[in-house]
Protein chains: 2
Amino acid sequence: MRMSQTIIKPLKDAPKDADTTNHRLLVQAGFVRQLMAGVYTYLPLGLKVLNKISQVVREEMDKVGGQEILMPMLHPAEIWKKTGGWDNIDVLFKIQSRTGKDCALGQSQEEVVTPLMREFIKSYRDLPTSIYHIQWKFRDELRSKSGILRGREFLMKDMYSWHETEKDFEDYYKKVKEAYLKVFKRLGLIAKVTEASGGSFTDKVSYEFMVLTDAGEDDILYCPDCDFCVNIGIAKVKAGDTCPACKKEKLLKDRASEVGNVFDLGYKYSKDFNLQYTDEKGERRYPVMGCYGIGISRTMGTLVEKFSDEKGILWPKIVSPFRIHLVSLGEETLMAEKLYKQLLGVTEVLWDDRKVSAGTKFADADLIGCPLRVVVSEKSLKEGGVEVKNRSEDKIKIVTTKGLLKMLQ
Amino acid sequence: MRMSQTIIKPLKDAPKDADTTNHRLLVQAGFVRQLMAGVYTYLPLGLKVLNKISQVVREEMDKVGGQEILMPMLHPAEIWKKTGGWDNIDVLFKIQSRTGKDCALGQSQEEVVTPLMREFIKSYRDLPTSIYHIQWKFRDELRSKSGILRGREFLMKDMYSWHETEKDFEDYYKKVKEAYLKVFKRLGLIAKVTEASGGSFTDKVSYEFMVLTDAGEDDILYCPDCDFCVNIGIAKVKAGDTCPACKKEKLLKDRASEVGNVFDLGYKYSKDFNLQYTDEKGERRYPVMGCYGIGISRTMGTLVEKFSDEKGILWPKIVSPFRIHLVSLGEETLMAEKLYKQLLGVTEVLWDDRKVSAGTKFADADLIGCPLRVVVSEKSLKEGGVEVKNRSEDKIKIVTTKGLLKMLQ
């Protein structure tokens, strides 16, 4: 993309109302705009990142047998009344339709997916099965802050699975856990898995996937040596205690952001919607149900919290809006255009072809945070090529165009 | 995909509540499920088609310089009060938030995009510019019928453009008109462009893109020889009259579905939100604004209305959920699996590997409507290969696996 022809226009100053790094940088660099508290427009750069995170999540869900569908956001009140959510979930947005029928905006989709699956789960032969979608959710939060970490409208992947036995659910949960850790690893994040309470709708334990960050809303205790990790809310240990799992190291306490979660829903929704299957003996039974969430927009915010410095964002390559930020200086437009077209043949390129100062171009490249900055200028050409710099390093290398193209393959 | 491992399960009988072909076939073949009137879940097959239509639209919008963003669905009431929509638009869903602030669900996005663009349109140098997104819209319809042709929740591409002069808008409109005709042509549809009234928010003429179908909600008059076409609501001619444009043929009257539209919004929203730019002389002026819609989910419904027979759907190749519907019969599982993997290397394949009768498999292949059916059976192997049949023809050909793979390239 040519910046001069787009609305990709980083701001000189940080927004005054930003209370977190992700809000400040995502607005200043031009990824999002706030419409109201907790509700954001994704500008061209932001939409690209959101789509790339979604794609990584999609690939890993497909690998564990998840089938992608798309459920609607507008729900009839009846399904929420059936499960008790209509009266018990304070963040549920309720709508009075002029047809006289009340509706709700989906804050989760158990109420839609369970009755849907009555048609597809009839026999033990249909189990286990899992279904997911990537869809916007709505929560009527009293306060919404922390940029896109906690939204009133936010993008989430939610998967649901059904099983004959608790044991089968546990086995599948372990597969999904590995898939989740792989998602976060591919995104450059290290997630810790904690036990937490199951929330309002189940007395079972749930699992949370946590990324350490000061902008998070949870406190966790974890062992620096083994996998032990627990949400402080249900912990029976405290910081400084010896790890109860490996008995080697002392537990650390830290702030974290929940980027994913898993709930064992037991028979709650199967019973509410009378979802039954016939087992091998011909008896009618309720399946065990699990649900697995990943906050897509929240993960984007968490990435900015983790990967930024005083100059701006440092996107991991896999989700960066562009791999290359091409900066042309002075009168080298023809050379730059030729290079731009060559680079487009191998990767995604943002070309800063604006008539602004070199200082502004460099500052904006740092703000936006693509992994590779390539500068073509009179100086670089004299030195035999283009200047290449990693966003995360200070070192600048001169390489030939050929060398650059080879490097990218 | 292997059907046995999915929820792709066509129904034996058509749904009883379906009043249109698209509703009946999309439900029976397993593309969608109705959650409430006008609100649908897109199952794996349906989601694939929806994404493919979106992608065609996206490519053509990008070619006319549209920049893709994503605007939210939850809107603060203020912006709708500013334009009068809060009181005048009866289909606007209104929500009382527990924060005390009223919200609306987007039924269009002028109210979001206009204030957004105040930041990006400051000078005549920033014009013309155009922005689009592909996002779900909500309309509180009193009655919602015709399957996915008229939804309460529906997917739409809406683009907005801003111009210095009415003339510049007209020029850009002509470019977008060609892009629209190309979109519909690529989708296998012939769209006619009609003049219509501009609706409640403008006294200017608007343009509608119509596809002839009995399931449509509009009546149009058109010339079989030239481009003349007009919505009967504002026509000064009648069926049987000589075409006022080419004077050659007599006008025909037909039922049509509106799959796209264009509105000249004039200065309405620029003034409401005080969007001004500085012209070449240094004077502050309001830009002319246009808006351009394509109903993505409605187009999917229209395709089914146009491309179906008594056995099921006939998807155009470009939007078909799979190019090949592979049917294996009898004990030829190993051969079928080998072929399935070979085919996956070159195209998208749905493999009916279920243990059901040949009759059921053929009926379901016809219902789902992929362009090419490939059958591998003891009989076909004896004859030297696989049976290949186009969904739109009765003729069955025996070709070798090699021949088939070559045919697909």
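Near B:Val374, within a Cβ-to-Cβ distance under 9 Å, what is the net charge of the other residues, with Lys and Arg +1 and Asp and Glu -1?
Numbers: positive: B:Arg373, B:Lys389; negative: B:Glu387.
Combined, the nearby Lys, Arg, Asp and Glu give +1.
Given the Cα atoms of the protein assembly as shown, and with Rh set as the inverse mean 1/r over their pairs in the Kirkwood sense, what is Rg to Rh to two decimals?
Details: Rg = 28.1 Å, Rh = 29.0 Å.
Rg/Rh: 0.97.
Where both residues lie in the protein assembly as shown, what percent of DSSP beta bridges are antiparallel, nearest 5?
In the protein assembly as shown, approximately 85 percent of DSSP beta bridges are antiparallel ones.
Could you pull the Rg and Dmax for region A:322-408, using just the Cα atoms, both in Å?
Values for region A:322-408 (Cα only, Rg and Dmax): 11.5, 30 Å.
Quick check on chain A: helices-only [θ] at 222 nm, where DSSP H runs of length 4 and up contribute -39,500 (n - 2.57) each and the sum goes over total residues. Nearest 500, please.
Per the formula, -8500 deg cm²/dmol.
Which is farthest toward the positive dipole end of chain A among A:Cys246, A:Cys103, A:Leu405, measuring Cα position about the Cα centre, with Cβ charges +1 (Lys, Arg) and -1 (Asp, Glu)?
Of the options given, the answer is A:Leu405.
Among the listed pairs A:Lys311/A:Lys397; A:Lys16/B:Lys157; B:Lys174/B:Lys306; A:Lys341/B:Lys157; B:Lys48/B:Lys341; B:Lys145/B:Lys175, which are separated by more than 23 Å between their Cα atoms?
With Cα atoms farther than 23 Å apart: A:Lys16/B:Lys157; B:Lys174/B:Lys306; A:Lys341/B:Lys157; B:Lys145/B:Lys175.
What translational D, rounded to a whole number of µm²/s, comes out for chain B from Stokes-Einstein when the hydrodynamic radius is the Kirkwood one over Cα pairs, at 4 °C and 1.567 mPa s?
55
Measuring from the lowest to the highest alpha carbon on each principal axis, how far does region A:1-81 reach, largest first, in angstroms?
47, 33, 25
Please compute the length gained on full extension between A:Asp87 and A:Arg2, using 0.36 nm multiplied by the number of residues separating them and subtracting their Cα-Cα distance.
25.5 nm
Provide the FRET efficiency to the nearest 0.05 for the A:Glu59-B:Lys406 pair, computing r from the beta carbons and using R0 = 45 Å.
0.90
Shortest first, in nm, what separates the label point of A:Lys395 from those of the same position in the other copies (7 Å along Cα→Cβ)?
Copy-to-copy label distances at A:Lys395, shortest first: 6.5 nm.
What percent antiparallel are the DSSP beta bridges of chain A, to the nearest 5? Intermediate values should be presented prior to the final figure.
Numbers: 68 of 82 bridges.
Of those bridges, close to 85 percent are antiparallel.
Can you divide the C-alpha Rg of region A:356-395 by 2.2 N^0.38 Å and report the result to two decimal places?
For region A:356-395, the normalised Cα radius of gyration comes out at 1.18.
Would you work out the charge dipole size for region B:263-409 about its Cα centre, treating the Cβ of every Lys and Arg as +1 and the Cβ of every Asp and Glu as -1, and quote it to the nearest 20 debye? Numbers along the way, then the final one.
Values: 24 positive and 21 negative charges, 53 e Å.
Computed charge dipole of region B:263-409: roughly 260 debye.
Quick one: Kirkwood hydrodynamic radius for region A:104-148, alpha-carbon pairs, angstrom, one decimal?
13.3
Calculate the spin-label point distance for A:Lys355 paired with B:Asp241, positioning each point 7 Å from the Cα along the beta-carbon direction, and give it in nanometres.
5.2
Over the Cα atoms of region A:18-135, what radius of gyration and what Dmax do you get, in Å?
When restricted to Cα atoms, region A:18-135 yields Rg and Dmax of 18.3, 54 Å.
Across the residues of B:95-101, average count of Cβ atoms on other protein chains within 10 Å?
Values: counts 8, 5, 7, 8, 9, 1, 2.
Neighbouring Cβ atoms belonging to other protein chains average 6 per residue here.
What number comes out for the charge environment of A:Asp241, summing +1 per Lys or Arg and -1 per Asp or Glu over other residues with Cβ under 14 Å away? Working shown, then result.
Working: positive: A:Lys236, A:Lys238, A:Lys247, A:Lys248, A:Lys250, A:Lys253; negative: A:Asp225, A:Glu249.
Its environment carries a net charge of +4.
Considering the dipole of chain B built from charges on the beta carbon (Lys and Arg +1, Asp and Glu -1) around the Cα centre, which of B:Val376, B:Pro287, B:Ile190 is farthest to its positive end?
B:Val376
Tell me which cysteines of chain B come out unpaired when the rule is another cysteine's Cβ under 4.7 Å.
When partners are defined as cysteine Cβ atoms under 4.7 Å apart, chain B leaves B:Cys103, B:Cys229, B:Cys291, B:Cys370 without one.
For region A:257-324, which chymotrypsin sites (Phe, Trp or Tyr not before Pro) are in a loop by DSSP, counting at most 16 other Cβ atoms within 10 Å?
A:Tyr267
Would you work out the Kirkwood radius for region B:247-324? I mean one over the mean of 1/r across all pairs of different Cα atoms, in Å. Walk me through the intermediate numbers first.
Values: mean 1/r = 0.0581 Å⁻¹.
So the Kirkwood estimate lands at 17.2 Å.
What nm value, rounded to one decimal, do you get for the distance between B:Glu195 and A:Glu195 when each label is placed 7 Å out toward the C-beta?
7.4
Taking only the alpha carbons of region A:127-246, what extent do you get along each of the three principal axes, in Å, biggest first?
41, 40, 32
What relative contact order, as a whole-number percentage, does region A:3-309 give when Cα pairs under 8 Å and 6 or more residues apart are counted?
On the way: 619 pairs, mean separation 58.4, N = 307.
Here the relative contact order equals 19 percent.
What is the Å³ per residue value for the convex hull set by the Cα atoms of region B:270-374?
172
Antiparallel DSSP bridges in region A:1-150: what percent, to the nearest 5?
85
In nm, to one decimal, how far is the B:Arg255 label point from the A:Asn51 one, both placed 7 Å along Cα→Cβ?
3.7
Restricting things to alpha carbons, find the Rg to Rh ratio for region B:200-287 using the Kirkwood radius for Rh.
1.18
If you place +1 on the Cβ of every Lys and Arg, -1 on the Cβ of every Asp and Glu, and leave all else neutral, what size is the dipole of the protein assembly as shown about its Cα centre, to the nearest 20 Debye?
Value, rounded to 20: 1260 debye.
List the residues of region A:88-102 whose backbone N lies under 17 Å from a point placed 7 Å from the Cα of B:Arg98 along the Cα-to-Cβ direction.
Within reach of a label on B:Arg98: A:88-96.
Bear in mind that the values in this text are calculations on the coordinates, not laboratory data. Please read these numbers as outputs of a predicted model, since none were measured by experiment. Don't worry about glycine lacking a Cβ; one is built from the backbone with ideal geometry, like all the others, and counts go over all protein chains shown.
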